Amino acid sequence: MCISMNAADERSLESIRQKVFPFLRVDWRTEEETAPRFLILDECETLTEAAQLSLQTILNTDSKDICVILICNSQSRIHPKLRQRLLKIRYDPPNRNQDITNVFTSITRGDLRQNSRKNETELRIWKYIHCHPSDVLSIIRDETVDFQMIMSELMLLADMFHIMDDGMIKRMNMIYPIIIDSTNLHDMIETQFVQCIQEFKQKFEIMTQT
């Protein structure tokens, strides 16, 4: 029912011919199924001109049979013959400079793709700042998050609140080689992360009091 391709990796006319056209020739829908099939091309502005123009054939197909969705960062790089036949929907990312009170927006740098993880990320941010010391391990042992994500979030938060100092930089520089070396003991990594989160929390509390 759906084929999705990243045009940045497969941008030639040959890729369209080998993957997209065979998908269009075969229709597994029954008579009761009326929903269209979907062709989704991400970063389609990177397709070659020939590959872009080959999509005109697909656009001639009834939209009840196939729905074509092109995702791009720059409409100006889409061939005019395609642009004039498409409904254009623009998504502007949140302005992380003007919306500094929205911590999630700031640390994800306005990346709309991160919204699916917004609730989990905001809960972790709350824990970094407010959780009781006895609950710090629950952050680290969360199976849905890895050590590098925690490290990235702590670095971005420390930078955002202007509490990143030489001590925190030294601590993080010491942790990073540990987490990328799979031979290190898990207990050692946990110990270092507990200390890092506690140090971040302490500096944040001092910052809010001054």
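Values in this text are rule-based calculations from the coordinates and carry no lab data. Keep in mind that this is a model prediction, so the values were computed, not measured. Glycine also receives a Cβ, built like all others from the backbone with ideal geometry; neighbour counts cover every protein chain displayed.
Okay, here's what the table says:
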read-out	value
Cα→Cβ-extended label distance, 7 Å offset, between I40 and M160, nm	2.7 nm
Cα-based shape type of the range 103-209, given that a ≥ b ≥ c are square roots of the gyration tensor eigenvalues and the cut on a/c is 1.5	rounded
Karplus (6.51, -1.76, 1.60) ³J(HN,Hα), θ = phi - 60°, over the range 110-116, in Hz, Gly and Pro reported as x	x, 6, 4, 5, 7, 4, 5
Centroid-to-centroid separation of the range 1-22 and the range 64-88 [C-alpha atoms, Å]	15 Å
In sequence order, calculated HN-Hα J values of the range 73-82 (Karplus, 6.51, -1.76, 1.60; Hz; x Gly/Pro)	9, 9, 5, 5, 8, 8, 4, x, 5, 8
Local net charge near C44, Cβ-Cβ under 13 Å (Lys/Arg +1, Asp/Glu -1)	-2
Backbone HN-Hα couplings from phi across the range 149-154 [Karplus 6.51/-1.76/1.60, Hz, Gly and Pro as x]	5, 4, 4, 4, 5, 5
The range 5-67 - charge dipole about Cα centre, Lys and Arg +1 at Cβ, Asp and Glu -1, debye rounded to 20	180 debye
Length gained when the stretch E49-T191 is fully extended (0.36 nm per residue, less Cα-Cα span)	45.7 nm
q = 0.07, 0.11, 0.12 Å⁻¹, the chain: log10 I(q)/I(0) [Debye, one scatterer per Cα]	-0.38, -0.74, -0.80
Along each principal axis, Cα extent of the range 38-161, largest first, Å	62, 31, 24
Nearby lysines by direct alpha-carbon distance to K88 (threshold 23 angstrom, same-chain neighbours under 8 apart not counted)	K64
For F38, residues with placed amide H under 5 Å, excluding near neighbours	C2, I3, C67
The chain: angle of helix 49-59 to the longest principal axis, Cα-based, in degrees nearest 10	70 degrees
Approximate spin-label separation R17-E33, in nm, with each point projected 7 Å along Cα-to-Cβ	2.9 nm
Anchor K201: lysines whose Cα lies under 20 Å away (excluding residues fewer than 8 positions away in-chain)	K127, K170
Cβ-based net charge around D9, under 10 Å, with every Lys or Arg adding one and every Asp or Glu removing one	-2
Spacing of the two label points (7 Å from each Cα toward its C-beta) at M207 and L123, in nm	2.4 nm
